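Visitor: Would you mind keeping the following structure in view while I ask a few things?
No value in this document is a laboratory result; all are computed from the given coordinates. From a predicted model like this one, the values you see are computed outputs, not experimental measurements. We place every Cβ from the backbone using ideal geometry, glycine too, and count neighbours over all the protein chains shown.
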Amino acid sequence: MQRKIIYGVLLATYLLNSAALADEIVQEGEILEYGEVEILLDQFDDMDGAYQLDFVQIDLYSSMHGGFTTSGSGTPVFISITYRQDYYHEAQSLAGTQCHFQDTLPNIASGAYSFWIQDEDQVVIDDAEGMAPWIGKDTITVTSIGDFSWYADPPEDILDCGAGLVAEYTFTYGYTVLSPCPADVTDDGTVDVLDLLAMLSAWGPCPDCPEDINGDGVVDVLDLLEVLSAWGPCP
Ligand SMILES: [Ca+2]
Ligand SMILES: [Ca+2]
């Protein structure tokens, strides 16, 4: 019984190691101004086709620091701020993120009132395949727009107001390390009858499986031809 458990662990370890290696690279930065900002996406490199880009995730975290002085009438002051960022590569729209802040603050007489408020948003770009040719080598344009509203009734209750913003962004590049010898589905350094047998046992629709060498979601004669043309030791 003990031995069976150990074999089970070894088999699980082998299966994990034989799967394609997936990894992530994170690029972080800050945007401190409104309008257009260029960001060089220089953290991902496809290593001349050895890495496949799977997804790009953008996380935006915004902090708003504001302050105001009031008449001290006692009427609450309502603040609503929307901060939007749009991401473009040349004319192509990639994604948009939006943070929204709102709060009700007291209308006090004793000098200025200051506050910090935060929000965060996340977006995942599905069309990472379309980004792969230029990502790592080119810039994107980020357009930042803020919409501020301050309400009190009567409005004269707000004597003075202002706000500043810090937006931190994170780009996460998810990628897969591609095998230099994709037809070696058993990962033993040789394309031989074992790979052929593995292919036959996975025959038919098979998304995301190593036997689908051309990545079209089906194990069929096209993949079989890839195995035959790569027959022998891997380069
Ligand atoms: Ca093999
Ligand atoms: Ca296929």
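Visitor: For HIS65, HIS89, what's the fewest-to-most ordering of other Cβ within 10 Å of each Cβ?
Guide: Least to most surrounded, the residues fall as HIS65, HIS89.
Visitor: Right, next: I need SER63, SER93 ordered by Cβ neighbour count within 10 Å, fewest first.
Guide: Working: SER63 16, SER93 9.
Starting with the residue having the fewest Cβ neighbours, the order is SER93, SER63.
Visitor: Can you compute the FRET efficiency between GLU168 and GLU226 using 1/(1 + (r/R0)^6), with r the Cβ-Cβ distance and R0 = 41 Å? Round to the nearest 0.05.
Guide: Step by step, r from the Cβ atoms, then E = 0.35.
Visitor: Among VAL191, VAL37, which comes first, then next, by fewest other beta-carbon atoms within 10 Å? All intermediate terms of the calculation are to be shown ahead of the outcome.
Guide: On the way: VAL191 23, VAL37 19.
Lowest count first: VAL37, VAL191.
Visitor: So if each residue of separation counts as 0.36 nm, and I subtract the Cα-Cα distance between TYR113 and GLU24, what length gain in nm does that give?
Guide: 27.8 nm
Visitor: Still on this model: Which of the peptides 139-146, 167-174 is most tightly packed, and how do the rest follow, going by the mean number of other Cβ atoms within 10 Å of each residue?
Guide: So the order, starting with the most tightly packed, is 167-174, 139-146.
Visitor: First measure r as the distance between the Cβ atoms of TRP203 and VAL177, then evaluate 1/(1 + (r/R0)^6) with R0 = 22 Å and state the FRET efficiency to the nearest 0.05.
Guide: With R0 = 22 Å, the Cβ-Cβ based efficiency is 0.25.
Visitor: Also: Go ahead and estimate [θ] at 222 nm for the chain from helices alone: -39,500 (n - 2.57) per DSSP H run with n ≥ 4, summed, over the residue count, rounded to 500.
Guide: Calculated from helices alone, the mean residue ellipticity at 222 nm is -5000 deg cm²/dmol.
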